[in-house]
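Visitor: Sharing a structure here in structure tokens format.
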Amino acid sequence: MLTVRPRAAPSAGTRGAMRATGFAHRNQDEFRVLRDAERAGGPFLVARDAGDGLRAFPLCDAGRPLSVGRQEGCDVLLDWDERVSRIHATLEPEAGDWSVVDAGRSLNGTYVNGERVARRVRLRDRDMLRMGGVDLLFRRPRYATSAATAEMTEDPRLAMLLGSLTARERAILGALCASMDPVSGGPPAANSVIAEAVGIEVPNVKAALTVLFQKFGLTAEEPSVKRQRLAELALLHGVAVPGRSGG
């Protein structure tokens, strides 16, 4: 039976600290690593290895716990840090969620958002884990469980939809996502920022976004939600690249 130790969700300040630890992509290769992990649609871990390269570890529900450690054969292999135990912890799926389990086998312990795991902790999106000297970010993208997005991803008309986007619409989507990151998150850009980046007036941005909401099937969503979903879909399908506005 799963015992969940009460704990607060990471605060905005905590998430800002997570961004500072270096999980944001630094080049196009790292962006593709993150994008591909998100496109797979399931939860994943992100870490930087000894060479400071970004790695993503998809968590596949194989009906058994996944091992984490530096021993060859571990499902999540962290073999570049001697402070990580051979079998450091396990990740266990249950009812669509994931928990990290450390029953005291690891020498240096397992931490979630700075708190040591006494036995197990259920993970939430953007939780920060530390095993030995390795920091890992747990990601469970919202759109992985979003019916609207799953429908969009699997729709065979997707290529036609993406092909119908005008140069201006692509520029607006690029500006919308420019401040975002596929791992660390962040809100989409405001209309005034988009207008300045694309070189048009704010009313024209609003009108273009209304058309884009219709194209992506988001008209029934709440205003703040559909704006976020639109940005997530643009990133998911490679229409926009975080950190670089369209033009």
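The values are calculated or read from the model by the stated rules, or taken from the named source; none is laboratory data. Just so it is clear, the structure is predicted and the values come from calculations on it, not from any experiment. All Cβ positions, even for glycine, are placed from backbone atoms using ideal geometry, and neighbour counts span all protein chains on display. Note: areas computed on protein heavy atoms with side chains; ligands, DNA, RNA excluded. Shrake-Rupley method; radii C 1.70, N 1.55, O 1.52, S 1.80 Å.
Visitor: Which residues, counting only those in region 212-223, are part of a helix (DSSP H, G or I) and loosely packed, with under 13 Cβ neighbours inside 10 Å?
Guide: Selection gives Gln214, Pro223.
Visitor: Show the residue pairs meeting these rules: Cβ distance below 9 Å; 6+ apart or different chains; first residue within region 202-229 and farther than 22 Å from Gly186 by Cα and in contact (Cβ under 8 Å) with a residue 60 or more places away in the chain; second residue open to solvent by 50 Å² or more (accessible area, probe 1.4 Å) and not basic (Lys, Arg).
Guide: Between residues of region 202-229 that are farther than 22 Å from Gly186 by Cα and in contact (Cβ under 8 Å) with a residue 60 or more places away in the chain and residues that are open to solvent by 50 Å² or more (accessible area, probe 1.4 Å) and not basic (Lys, Arg), the close pairs are Gly217/Glu151.
Visitor: Do the conditions hold for Asp79, that is, is it more than 16 Å from Phe44 (Cα to Cα), of a type outside the set (S, T, N, Q), touching a Lys or Arg at 6+ places or on another chain (Cβ under 6 Å) and assigned to a loop (DSSP other than H, G, I, E, B)?
Guide: Taking the combined requirement at face value, the residue satisfies it.
Visitor: Condition (residue is surrounded by fewer than 20 Cβ atoms within 10 Å (Cβ to Cβ), among the aliphatic types (A, V, I, L, M), more than 26 Å from Met128 (Cβ to Cβ) and at pLDDT 85 or above) applied to region 230-246: is it met by at least one residue?
Guide: no
Visitor: I'd like the residue in region 118-139 that is among the acidic types (Asp, Glu) and surrounded by fewer than 22 Cβ atoms within 10 Å (Cβ to Cβ) and, out of all such residues, is modelled with the lowest pLDDT.
Guide: Residue satisfying both the conditions and the ranking: Asp125.
Visitor: Another question, then. Only one residue in Ala148, Ala159, Ala144 is farther than 19 Å from Ser106 by Cβ, at pLDDT 70 or above and of a type outside the set (Val, Ile, Thr). Which one?
Guide: Ala159
Visitor: Touching a strand residue (DSSP E or B) at 6+ places or on another chain (Cβ under 9 Å) and either modelled with pLDDT under 90 or under 30 Å from Ile200 (Cβ atoms) (or both): which single residue out of Arg83, Arg105, Arg70, Arg168 fits that description?
Guide: After ruling out the rest, the residue left standing is Arg105.
Visitor: Next question. Quick one: which residue in Glu115, Glu94, Glu82 is surrounded by fewer than 20 Cβ atoms within 10 Å (Cβ to Cβ), under 23 Å from Gly53 (Cα atoms) and among the acidic types (Asp, Glu)?
Guide: Step by step, each of Glu115, Glu94, Glu82 is checked, and only Glu82 is surrounded by fewer than 20 Cβ atoms within 10 Å (Cβ to Cβ), under 23 Å from Gly53 (Cα atoms) and among the acidic types (Asp, Glu).
Visitor: Filter region 168-197 for residues that are in a helix (DSSP H, G or I) and crowded, with 21+ Cβ neighbours inside 10 Å and give the result.
Guide: Scanning region 168-197 gives Ala171, Ile172, Leu173, Gly174, Ala175, Leu176, Cys177, Ile194.
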